[in-house]
Every structure is written in structure tokens, then in C-alpha cells.
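Worksheet for the structure shown next.
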Amino acid sequence: MDIRLTHQQIHDAASQAFDRASKINGGKNASYIPYLANIDPLLFGLSVMLPDGTAFNFGDTTYRFGIESVSKVPTAILAMRQHTPAGVLDAIGADATGLPFNSIFAILLENDHPSTPLVNAGAISACSMIEPKGDSDAKWKAITDNITELCGSAPQLIDELYRSESATNFNNRAITWLLKNYNRIYDDPDMSLDLYTRQCSLGITSQQLAAMAATIASRGVNPVTHKQVFDPAIAPKITTLIATVGFYQHSGDWLYTSGIPAKSGVGGGVMGVMPGVLGIAAFAPPLDDAGNSVKAQAAVSEFTRILGLGVMNGDRVTVAG
């Protein structure tokens, strides 16, 4: 079926989704990271961006929140840019674990493999792959420059969040050294963990995440800057990773009910990619038991329901002004 959407239809769907999701309660802020526990739980924003750069924003869309695990997506893209998708598959893998994002057991089940760059183990491994090797400052610049290119504007490190994360990342330290034992860390282990912790501590807005999502949806062309950020062949690879593990052990339920590949973070962000059509992002701090934002999930899922969108529908969707 051919579906032709207008800008007004997309705007109205986003507005309705925001209004309905804003009435939902439940969940609680991440408490194991002190900084996140203190974020105002009433904050809520929803942003949509189209491939032509048209943007629709509702609520607290300029508030900078911790990107957290959504940062795994751009760093996976960077690793693919530097080492090719095949290189990332060989070094890390692409299997959904079906387990929590910080699972150590998943590494053992995968016979020493990190599984996917969108869980903690694989993301730390991906940070270790980033060039140039052995130079923390240069690697950090590559990571943040890549995010800036994807968003069309720069993120900002939240120092308090970085300190809070660094003081409490005991599980990730165990993951890092277990991976080192299996030769799945490709640079200094402490440096790789620090880079991962820092990237999770970047401040981002839902507007920026919607632009990143739209860049992926547009096969690497940023709608804001019109720059070809990455090879078009990377787009289906990263979208597949997002679809299979973006919500960790709830990924199947999420894709079944929402129809859109999306990545969540414990900072309250959710970023969704509808290939060829649009990018969407929402933010609200209270999380469910799997670490996914309650309101952000509801807003994104309601938006796709109203428009009848879904990557498995087989529809050809075009957007007119």
C-alpha cells in the first residue's frame, strides 16, 4: 500500500501523542546513578524530524539530559565508519542477548563474545576499537565529532553526571576486564571504559536525537546540515541492531507493539528510526523495570499507531509538504 503523509498529519499525530502520553504516570528515575535520581520527573519532550529538515517539537525539547545508552548507537556507527560493518560484526557481533543491558552472564553465554555494540559489553568494546588507538583525547574527539555530525549540533558533557557514573560503574569495570580476558578489548581497558562512561554522560536534547534518528532514516544524510555523514550501506545495519536490541529484554515486545526500531537510555531518552520516513525522539526521566522511559515509550508508540506506520507493514510511505 502507498501511504502519503502531509506535514500537517505528522504534526497533528505528534501533538496528539504528546498530549496523551503526558497524562501517563508510573515508573521512577534511575536510582543507581545519583545524578539521574535527582532529575525533575515531570520533564517531558517529543521531537520529530523529517528528511527535508522539517521539525516538530512539543514540551521540554531543549532540555539537555544524559544520553546514556542511546550513545551506543552513534559509537556503533563510528566503529562501522572506521572498520566497516563486517569488521564490527567480526570484532563484536550483532546478536540480541535477551538479557539486561549490563549482563555479565550474556558474555559467558555468547562464548566470550560481547554480542552487540548496543549493550554495555559491546559498547565498551566498540569504544576500544575507535581510532586512533592509544590516544584518549583523539578518540574522544572522534566520538564527539561523530555525534555532532549526526545531530547537526554538538552535545555537551555533563560533568556532574560523568563524576556520578565514574564513581558507581563497578559492574562495567567487571565487564571490561572480563572482555579483556577474552581478547575482546582492542585498546587499553581503563581508557575504553572511561570513554564509554564519558559518552554516556553527554548532555543531549530530544531535538538533537530526532536529528540523529532522521540522519539514520535518510541513509546517512543529515537533514539539518545536508552532509553525507556515513556510507548509506551502514544505515540498514545500524537500524537492524536498534530493532533487535534497542529495548534489551523488552525489544521484541517493543517492536511488536510500536512497529518502529528504537533505542532507549536510562537518562529517559528514546530515539526511533522509521527508514526513509522520519526520526523521532522523546524524553521523560521515570523508567520501567527494564530501564526504559515510560512516557517516552508511550509517546513514540502512540505516534506510530495514529499514523499507521510500522517497518513490518510493507507500505511505501512518502511525505509531502
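Bear in mind that the values in this text are calculations on the coordinates, not laboratory data. Everything numeric here is computed off the predicted structure, so don't read it as measured data. Here the Cβ positions follow ideal geometry from the backbone for every residue, glycine too, while neighbour counts run over all protein chains shown.
Sorting S31, S71 from the fewest to the most surrounding beta carbons within 10 angstrom yields S31, S71. Of all DSSP beta bridges in the chain, what percent run antiparallel (nearest 5)? Bridges in the chain that DSSP calls antiparallel: roughly 85 percent. Straight-distance candidates among the lysines for linking to K295, with alpha-carbon spacing under 29 Å and chain neighbours fewer than 8 residues away dropped: K23, K28, K72, K237, K263. Summary value for the chain: 29 percent relative contact order, contacts being C-alpha pairs under 8 angstrom separated by 6+ residues. Legend: calculated FRET efficiency, N25 to N181, from the Cβ-Cβ distance at R0 = 56 Å, rounded to 0.05, equals 0.80. Would you tally the net charge around S166, using a Cβ to Cβ cut-off of less than 15 Å, leaving S166 out, and scoring K and R as +1, D and E as -1? After counting each charged neighbour, the total is -3. Under 5 Å from the amide H of L202 lie the amide H atoms of I67, E68, I158, each residue being 5 or more positions distant or on a separate chain, with H modelled from the backbone and absent for Pro and chain starts. Of interest is the spacing of the C-alpha centroids, which for region 292-319 and region 14-30 amounts to 15 Å. Potential lengthening of the chain between T168 and R305 amounts to 45.5 nm, from the contour at 0.36 nm per residue minus the alpha-carbon distance. What you get for the chain, charging only the Cβ of Lys and Arg (+1) and of Asp and Glu (-1), is a dipole of about 320 debye around the Cα centre.
For percent of Cα pairs over 33 Å apart, one of (i) 17; (ii) 28; (iii) 40 was computed from the structure I shared and the rest are decoys. Which label? Among (i) 17; (ii) 28; (iii) 40, the one calculated here is (i). Taking the simple approach of a point 7 Å from Cα along Cα-to-Cβ for both A320 and R4, what is their distance in nm? Placing both labels 7 Å along Cα→Cβ, they lie 0.3 nm apart. Only helices enter the 222 nm calculation for the chain: every DSSP H run of n ≥ 4 contributes -39,500 (n - 2.57), and dividing by all residues gives -14500 deg cm²/dmol, rounded to 500.
Subtracting the Cα-Cα distance of N38 and D159 from their residue separation scaled by 0.36 nm leaves 42.1 nm.
K141 to S15: extension gain in nm, 0.36 nm per residue of separation minus the Cα-Cα distance? It would help to have the intermediate numbers written out before the result.
Working: separation 126, 0.36 × 126 = 45.36 nm, distance 3.66 nm.
Extra length from K141 to S15 when fully extended: 41.7 nm.
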